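Here is the structure we will look at.
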């Protein structure tokens, strides 16, 4: 046979094209499903951080039957990309059942895990029924730094073992890090380690406040200028910010709308207790899927949330840098218990990014 006339397209480009398609408006293409808030680590920066043995948490979580019904509903409404996350999703005893059920429904699955609970049998299962991607967060290249973050003795070696098990099976693994004052000094070491493995490396230096307003994790943030210094170590980041700014310039968005992002348009978030919400940051208001169906939550509840408007004056409303700023109602809600109060830290980062990458 001759050369095929069917062109190929990478999944990222296909996703962007599909989301931009007018026919895809109000289709829940991308979903995040938090299976649990519990975790076997106790990461100092974590915004949920529930102990693995917490019985009251386990009792409140969606059952396997609940999750099957929700997954059925998501598939029915056209969801394609599904992220399974936590907490640590692997602490659920029924994780394999949940994962296989989601695979059978046809979702393109991404799995976020700390890697410490990966076993040979689980790695074999993932090899037989591979996800679209597996992402593990690596907090340091030394045991001391890694466990200073996780506060869990032995977690470093378990994580490295998990990484090895996935690499041995040639699974689609990505390694990333959350940069804080505790591991900033090892950033370049982490980057080099990941790249030497031939893997994709990503990082995030923006730490948000906790869901329960407990321990102040914002004190672990590195200064805004250091965030931008890290941005400049990645040759892709500058062009991405410029492209984002250029793509959104001229777009006519109502400056009075509280939500001007894509949350609730083609994406959604479901927490371990069955509450449907805009995203993992904007937790309130939410819709209880245990007493309602996803279709009603998606087509009736979330559109009403997206219609909410600012009730007071806000400097973000007319800011030209909003497209490259992480400022959103969810961040403000977690930081100040008020979705309209701007997070000054994010504002500083955005202005420094604009200056560094020539964005006006």
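The values are calculated or read from the model by the stated rules, or taken from the named source; none is laboratory data. Quick caveat: nothing in here was measured; it's all calculated off a predicted structure. Please note: Cβ atoms are built from the backbone with ideal geometry, for glycine as well, and neighbour counts cover all protein chains shown.
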#### Entry: Hits in the stretch 216-258 - residues which are in a loop (DSSP other than H, G, I, E, B), touching a residue at least 60 places away in the same chain (Cβ under 8 Å) and out of contact with any strand residue (DSSP E or B) (no Cβ under 8 Å at 6 or more places or on another chain)
221, 232, 249, 255
### Task
Would you please name the residue that is farthest from the chain's Cα centre (by Cα), looking only at residues in the stretch 332-353 that are within 13 Å of residue 225 (Cβ to Cβ) and free of Cβ contacts under 8 Å to residues at least 40 places away in the same chain?
351
### Message
The conditions are (1) in contact with a strand residue (DSSP E or B) (Cβ under 7 Å, 6 or more places away or on another chain); (2) farther than 23 Å from residue 153 by Cβ; (3) surrounded by fewer than 19 Cβ atoms within 10 Å (Cβ to Cβ), and residue 79 fails exactly one of them. Which is it?
### Response
(3)
### Message
I'm trying to understand the selection: among the residues of the stretch 85-103, which are in contact with a strand residue (DSSP E or B) (Cβ under 9 Å, 6 or more places away or on another chain) and part of a loop (DSSP other than H, G, I, E, B)?
### Response
86, 87, 88, 92
### Query
Among all residue pairs at least 6 apart or on different chains, which show Cβ distances below 6 Å where the first residue, located in the stretch 312-327, is exposed (fewer than 13 other Cβ atoms within 10 Å of the Cβ) and the second is modelled with pLDDT under 85 and assigned to a loop (DSSP other than H, G, I, E, B)?
318/255
### Query
Assuming residue 262 fulfils every condition listed in (1) at pLDDT 95 or above; (2) more than 24 Å from residue 226 (Cβ to Cβ) apart from one, which condition is it?
(1)
## Note on the structure
Turns out the strands (runs of 3 or more DSSP E) fully within the stretch 131-212 with at least 2 residues that are within 18 Å of residue 90 (Cα to Cα) are 133-137, 173-178
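Any idea how many residues of the stretch 58-84 are outside any loop (DSSP other than H, G, I, E, B), touching a residue at least 60 places away in the same chain (Cβ under 8 Å) and under 19 Å from residue 212 (Cα atoms)? Break it down stepwise before answering.
We begin by selecting, within the stretch 58-84, every residue outside any loop (DSSP other than H, G, I, E, B); these are 58-60, 64-76, 81-84.
Imposing the further condition that a residue be touching a residue at least 60 places away in the same chain (Cβ under 8 Å) reduces the set to 60, 66, 70, 73-74, 76, 81.
Add one more test, that the residue is under 19 Å from residue 212 (Cα atoms), and what stays is 60.
Counting residues in the stretch 58-84 that are outside any loop (DSSP other than H, G, I, E, B), touching a residue at least 60 places away in the same chain (Cβ under 8 Å) and under 19 Å from residue 212 (Cα atoms) gives 1.
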### Query
Looking at the stretch 174-190, which of its residues are surrounded by fewer than 20 Cβ atoms within 10 Å (Cβ to Cβ) and within 20 Å of the chain's Cα centre (by Cα)?
174, 176, 178
### Task
Determine the pairs where a residue that is at positive phi and touching a residue at least 40 places away in the same chain (Cβ under 8 Å), located within the stretch 85-97, has a partner that is assigned to a strand (DSSP E or B) and buried (at least 21 other Cβ atoms within 10 Å of the Cβ) with Cβ atoms under 7 Å apart, the partner being 6 or more residues away or on another chain.
87/34; 87/38; 87/39; 87/50
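Given the residues 336, 345, which is the only one that is outside the structural domain of residue 81 (by TED's automatic domain parsing) and buried (at least 18 other Cβ atoms within 10 Å of the Cβ)?
On the way: 336 fails: buried (at least 18 other Cβ atoms within 10 Å of the Cβ).
The conditions single out 345.
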